[in-house]
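Just so it is clear, none of the values below were taken in a lab; they were calculated from the coordinates. The shown structure was predicted, so the numbers you read here are calculated from the model rather than taken from an experiment. Cβ sites come from the backbone with ideal geometry, for glycine too, and all protein chains shown count toward neighbours.
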Amino acid sequence: MKILVTGGAGFIGSHIAETYLEDGHEVTIVDDLSMGSKDNVPAGARFVELDITTDSFSRFVMDERFDAINHHAAHMELRVSVDKPVHDATINILGSLRLLEAARKSDVQHVILASTAAVLGEFTELPATESHPVRPIAPYGVSKRAMELYADYERIVHGMSISVLRYTNVYGPRQNPNGESGVIAIFLEKFLKGAVPTIHGDGSQERDYLHVHDVACANRAALITRAQGIYHVCSDSAASVNDVVSMLRSALGTDAEVVHGPAKAGDPAKTRGSHAAFSALTGWRPSTPLEEGIRATAEWFRQRK
């Protein structure tokens, strides 16, 4: 298949592009390099530098007539979304809508959209299934929910084939350690530089961590099965930030110091998702235990130095 991966020079998108290439697909990557890097573009992929919010991107999609599109280009800084909601919405809502419209007009066979468990807001049920109430508590979650609703519209009204995958906390090699999200990458970078990272709050907050290899395999499964609708892609487990720090110290063989700061507004106390629906449909299941994934990620960051 001829597949477009938007955001394919970024952390998650580059791993998905690799997986599609391994499966023998023809892969084109579109990225504006605002967060991604050409170093992440896998060998064998065609790279085009484009901004998904532009008319040039729409024309490109319609001219190329892709068989499938995997959409991972996004604004994903929660804190920035609070300060600059228009910027966040321009990329995550208008950029995604532009992609969906171009995909429909060019008869793309299947579209996969990357969403987030942040659309749920505070988790009132653990593990959260797809029937969990959707009440985002930050503009980032609002914009991703809007994208989901536009996808539902295109699927129901225009008959488009669309998978929406809601990720929990993805980590692994190539994650950007300089953003505000991704505690594993951020702390690894600081530990290896001899800096002292800050835990926001007391560290008891729990997250559902998912290795990027498992995410790439989920995107492979979504393409093969043409999964329709919204699904949670997660580990169905939870670890506290304090637990993660302990695993990081063990992986690096260090007792490096951390400090505590004020809790971040907009962060839920606990996240944990259920992948039962997606697993039942596709056969996918996460396969990377957190401690093992942290060790492998730590080794990648160490070799990168």
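How long is the gain from residue 104 to residue 86 if the chain were fully straight, where each residue apart is worth 0.36 nm and the alpha carbon distance is subtracted? Don't jump to the answer; show the numbers that get you there.
On the way: separation 18, 0.36 × 18 = 6.48 nm, distance 2.55 nm.
Gain in length upon complete extension: 3.9 nm.
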The local net charge around residue 90, scoring Lys/Arg +1 and Asp/Glu -1 for residues other than residue 90 whose Cβ lies under 15 Å from its Cβ, equals -3
Near-label residues of the stretch 140-162 by backbone N, under 14 Å of a point 7 Å along Cα→Cβ of residue 228 | 152-162
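Note the per residue figure in Å³ for the convex hull of the C-alpha positions in the stretch 140-260. Mind showing how you got there, number by number?
On the way: hull volume 14.1 nm³, N = 121.
Convex hull volume per residue, Cα atoms: 116 Å³.
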When each pair of different Cα atoms in the stretch 113-164 is counted once in the 1/r mean, what is the Kirkwood radius in angstroms, to one decimal?
-> 11.6
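Report the calculated FRET efficiency for residue 202 and residue 37 (r = Cβ-Cβ distance, R0 = 41 Å), to the nearest 0.05.
Computed FRET efficiency for residue 202 and residue 37: 0.75.
Quick check on the stretch 54-103: what are the equivalent-ellipsoid semi-axes from the Cα gyration tensor, as sqrt(5λ), descending, whole Å? Mind dumping the intermediate values first?
Working: eigenvalues 121, 22, 9 Å².
Semi-axes from the Cα gyration tensor: 25, 11, 7 Å.
Can you pull the semi-axes for the stretch 60-161, root of five times each eigenvalue of the Cα gyration tensor, sorted largest first, whole Å? Display every interim value, and only then the final one.
On the way: eigenvalues 131, 57, 20 Å².
Taking √(5λ) for each Cα gyration eigenvalue gives 26, 17, 10 Å.
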So which aspartates and glutamates pass the test for residue 190, namely a Cα distance under 14 Å, with those fewer than 8 places away in the same chain ruled out?
-> 180, 255, 257
Low-density loop cleavage sites - GluC sites (Glu not before Pro) in the stretch 70-166, where at most 14 other Cβ are within 10 Å (DSSP) = 122, 125
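Mind checking Rg over Rh on the chain, alpha carbons, Kirkwood formula for Rh? Walk me through the numbers before you get to the answer.
Working: Rg = 18.5 Å, Rh = 19.5 Å.
Ratio of gyration radius to Kirkwood radius: 0.95.
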Residue among 99, 72, 13 farthest towards the positive dipole end of the stretch 1-120, charges placed on Cβ = 99
Taking only C-alpha pairs under 8 Å that are 6+ residues apart, what is the relative contact order of the stretch 51-171 in percent?
-> 31
Compactness ratio of the stretch 232-305: Cα Rg over 2.2 N^0.38 Å, N = residue count?
-> 1.37
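When DSSP beta bridges are limited to those with both residues in the chain, what percentage is antiparallel, rounded to the nearest 5? Spell out each step's value before the answer.
Working: 2 of 38 bridges.
Once the DSSP bridges in the chain are tallied, antiparallel ones form about 5 percent.
If the limit is 27 Å between Cα atoms, which of 84/193; 2/38; 2/105 go over it?
Working: 84/193 31 Å; 2/38 21 Å; 2/105 16 Å.
Pairs exceeding the cut-off: 84/193.
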Using Cα centres only, tell me the gap between the stretch 258-305 and the stretch 106-126 in whole Å.
-> 17
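At a threshold of 8 angstrom on Cα-Cα distance, excluding pairs fewer than six apart, so keeping six or more, what relative contact order does the chain reach in percent?
RCO, the chain: 17 percent.
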Can you pull the one-decimal nm distance between simple spin-label points at residue 178 and residue 292, each 7 Å off the Cα toward Cβ?
-> 3.3
With label points set 7 Å from each Cα along the Cα-to-Cβ direction at residue 246 and residue 303, the distance between them in nm comes to 2.9
